[in-house]
1. Scan segment 204-220 for residues that are in contact with a helix residue (DSSP H, G or I) (Cβ under 8 Å, 6 or more places away or on another chain) and over 24 Å from residue 277 (Cβ atoms) and jot them down.
2. Does residue 128 meet the test of being over 17 Å from residue 50 (Cβ atoms) and modelled with pLDDT of 95 or more?
3. Please report, ordered by residue number, the strands (runs of 3 or more DSSP E) entirely within segment 143-241 with at least 2 residues that are more than 30 Å from residue 63 (Cα to Cα) and modelled with pLDDT of 95 or more.
4. Kindly check whether there is at least one residue in segment 244-260 that is in contact with a helix residue (DSSP H, G or I) (Cβ under 9 Å, 6 or more places away or on another chain), at positive phi and assigned to a strand (DSSP E or B).
């Protein structure tokens, strides 16, 4: 078991040396966090709200062409445990993009890129430490993202100044590598997720940079009236991506970078119903050579186990 844990954390650390769409906004975000409590299946809704300031000056200052962008999504998501060793997660987002600028406002609404992820339970283990129950599990897997969201190549009018982020989809079929580790001593636990997204060229000869999303959360479960479980949680979210590439050889200057966010949230479970929310406060960032600034984010979800 210790060998598996060491391998997992070495793998996670090796990913962070890699550098997408602008981190966490626009055409993709693969933050998972703590999954709802379920035995067999669950289905639910997730709402995400994110902001982005683009077209900044060389030192991050506002300019006459600076834009304030808001990205919202309502996502149908679900999970299915197949036996004790396999798990499938699916995401169907509907996006609402808005842009405010002196040069003109804009908006886009529509279906985003649908994604499916499969996991294999590498190990699950229960033991006791000083008469306290210790539970651990490690899931690893892969996924695929389909080009179901609309992509408009006209957004790439000015390569040197325009981040290609104001899209509903990427128009590319992309792949993910995933890992999820959870360890809990009685009611205190640590949850770690890592997702590495491998992008391909779309039919317009544009490729978003590969992207790593990793988060670690600590949580504590309070049980009320033997019916309700409430789990406050806090932790870190780190995202990093390579630069986008155009025409197979030209790196896009206003792309790529990294964001580190502080997370605070709350998960609740009652019978078959689960709900949760978290707020992600940007603590440090360096995006698109400082031509882009990401704002804080909010996520809310509801789900039903069946």
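The values are calculated or read from the model by the stated rules, or taken from the named source; none is laboratory data. Because the structure is a prediction, the values reported are computed rather than measured. With ideal geometry, Cβ positions are generated from the backbone for all residues, glycine too; neighbour counts draw on all protein chains shown.
1. So in segment 204-220, the residues in contact with a helix residue (DSSP H, G or I) (Cβ under 8 Å, 6 or more places away or on another chain) come out as 204, 206, 212, 214.
Hits for segment 204-220 are 204, 206, 212.
2. Details: over 17 Å from residue 50 (Cβ atoms): yes; modelled with pLDDT of 95 or more: no.
Considered against the rule, which asks whether it is over 17 Å from residue 50 (Cβ atoms) and modelled with pLDDT of 95 or more, residue 128 comes out as no.
3. Numbers: elements: 174-185, 188-198, 211-220, 222-224, 228-241.
Filter on segment 143-241 gives 174-185, 188-198, 211-220, 228-241.
4. Step one: of segment 244-260, the residues in contact with a helix residue (DSSP H, G or I) (Cβ under 9 Å, 6 or more places away or on another chain) are 246, 252-257.
When the remaining residues are screened for being at positive phi, the result is 256-257.
If we keep only those that are assigned to a strand (DSSP E or B) too, we end up with 257.
Yes - at least one qualifying residue is present in segment 244-260.
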